[in-house]
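Have a look at the structure below before the remarks.
Readers should treat all values here as calculations from the given coordinates under stated rules, not as data from a laboratory. These numbers come from a predicted model, not from an experiment. All Cβ positions, glycine included, derive from the backbone under ideal geometry; neighbour counts span all protein chains shown.
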């Protein structure tokens, strides 16, 4: 072999004739093919494996993008790069260009969470704080846009780098979504699937702007302070209970406990008084609209206390939901405030079905027109 043959062989070894990337990591999203000052040969082979996309960048400008397969790098396969470099009639010499391999597989089980508590306004509990966390999955949908807008010149862009940005974006959009949802606070934990789907729809346009597809978004838990949980549980129980029976039960238990005290008669009297106070308090809870219960005087010589009078309690339909119970006076006040009207559905114990207010006999007084007719002429 002559001297010139040796020189020719040595020079040819400095030119790259196969461009490929074997990913041996689990977190690399973008890898720049390193040439170490070597140039890529004309008609070199580009090998793009499944789950990859190869992107050519020329002096900071996006050029050609290659999907999985084996490609020959020449004028026909590099039309944009050929235009940028001015290869009007083809080329035979080696060339330089930055080649980025983008991992397009699905990145799963990424964690997100609210760093700070979210303050919401609830109609019953006022200002409340909640926290949320969950997981999401994403993939690169537009490799060129992702490199230009996010990666830049980073030669080895990892999952960790993009996750910090995505988690901040998710937390912000999640806060906006739950703030605009305006649903009762206790329904957040019970409707995580629907809320997750809504959040994904809201967030997807933000991801699209940088070439990312939000494949899945999950809310795994919505937490709130323990004090608020207790209030919600108490509220839900009271909403299901017969408040009249509960008041009677509480009063009876208080008097029974007082009668068993060592204080004798005085203790029993105190227990009876406490029982009546408790019953009155429960009655006020049952009748929040201001209707009051009165205890009629009874024979104080009787051996047992008189039973507490029970007012009729009415339930009413409001925005398609059951509300109440309220007393007669309470319902009258609601009618005066136009919370309910003559066509509102009403139900009380003993009624077979919900009935319009105007059809309930004792409630017709709300409508007026119950003035008796004039007396007949004598």
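Quick notes on this structure:
- Extension gain, residue 193 back to residue 322 (0.36 nm per residue minus Cα-Cα distance, nm): 43.9 nm
- Distance between the modelled labels on residue 202 and residue 156, one decimal in nanometres: 3.8 nm (7 Å Cα→Cβ projection).
- Counting beta carbons within 10 Å around each of 27, 109 and listing the fewest first gives the order 109, 27.
- Relative contact order, percent, the stretch 107-228 [alpha-carbon distance under 8 Å, six or more residues apart]: 39 percent
- Between residue 257 and residue 329, the C-beta separation translates, for a Förster distance of 51 Å, into a calculated FRET efficiency of about 0.95.
- Whole-angstrom gap from the stretch 53-81 to the stretch 126-162, using each part's C-alpha centre: 26 Å
- In nm, spacing of pseudo-spin labels at residue 17 and residue 365 (7 Å Cα→C-beta vector): 10.6 nm
- Direction-averaged projected area, Cα convex hull, the stretch 107-228: 7.6 nm², rounded to one decimal.
- Potential extension, residue 96-residue 133 segment - 0.36 nm per residue separation minus Cα distance: 8.7 nm
- Full-stretch length increase - residue 358, residue 209 - with 0.36 nm per residue and alpha-carbon distance subtracted: 47.9 nm
- Overall form of the stretch 314-367 per C-alpha gyration tensor (a/c, 1.5; a/b vs b/c): rounded
- Three-way shape call for the stretch 63-110 based on the alpha-carbon gyration tensor, with the a/c threshold at 1.5: prolate
- Residues 160, 316, ranked from the fewest to the most other C-beta atoms within 10 Å, line up as 160, 316.
- A crude spin-label estimate for the pair residue 115 and residue 67, with each label 7 Å from Cα along the Cβ direction, gives 4.0 nm.
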